[in-house]
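Note sheet for the following structure.
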Amino acid sequence: MVEDGQQNAVSSKKTKSWGSARGAANASKGQIMALSDDYFGGDAHPIDVVEDLAEAHAWEFNRVADDQIAMMVEGQWRSYSITLVWSDRDEMLRLIMTFEMDPPSERLPVLYDMMNRANDQVWSGAFTYWPDQRLMAWRYGLTLTGGQCATIEQLDHMIGEALMSAERYYPAFQVGCWGDQSAESAIRVAIADAVGHA
C-alpha cells in the first residue's frame, strides 16, 4: 500500500478498458470539460494535465518524475503501456505507446511492409518495431514552442488516437505475422475494421 503524500506512486485505481478506443470513452465529456475549465488561461505543466486526464479515465498510472508519466490502458485486444515525457530542451511532449509483438523472424519483412502501409494511412503518429525488446511502438511528439500550453482536449485526443490506431491495426499485424498472407492482404483487416466502425 502506498503512503499518503507520495507523488511518484501508482494510482490505486483499477485500469479501465478503452473499449472501442474512440475519444473519451471512459471519461464523460462533462469530466473533460470540467478539467478544461480548471486549466483555462493557465500555464499548467503538460504532465500535470495528463495525470488529471488519467485520473478522469481511471487509468492506472505512475508519475515517474515531474516530467514523465507512465500509464497502462486496457484495450479490446490487449493492454497498452503509454509513457508521456516532457522535454524542456525540445519544448515537446513525447508519447510512446508500446505492446508486445514477437513474430517469427521469417515474417519480419511482412511486418515492416505492413508498418509502412499502416503509417501511410495515419497522420497522428507512426508505428515502429523494436526487435531487441520485442515491442511494437507508436510514437508521436506534440511541439509546444514559445511557452504554448496543451489543452486537456488535445491531450485526450492525442492519447485516444494512439489507442485507436493500435486497436485498428493490431488484428492486421497478427494476421500478417502469424498467418501466411501478404502484407497487402493482411492490412485489409485494418481497412475493413475501419469501414465497419465508420
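Write out the trypsin sites (Lys or Arg not before Pro) in the stretch 94-148 meeting two conditions: DSSP loop, and at most 13 other Cβ atoms within 10 Å of their Cβ.
Sparse-neighbourhood loop trypsin sites (Lys or Arg not before Pro): Arg134.
Are there any chymotrypsin sites (Phe, Trp or Tyr not before Pro) in the stretch 102-161 that are in a DSSP loop and have at most 15 other Cβ atoms within 10 Å? List them by number.
Those that pass, being in a loop and sparsely packed, are Trp123.
No lab work stands behind these numbers, since they all come straight from the coordinates. Keep in mind the model is a prediction, meaning the values are calculated, not measured. Positions of Cβ are backbone-derived with ideal geometry, glycine not excepted, and every protein chain shown enters the neighbour counts.
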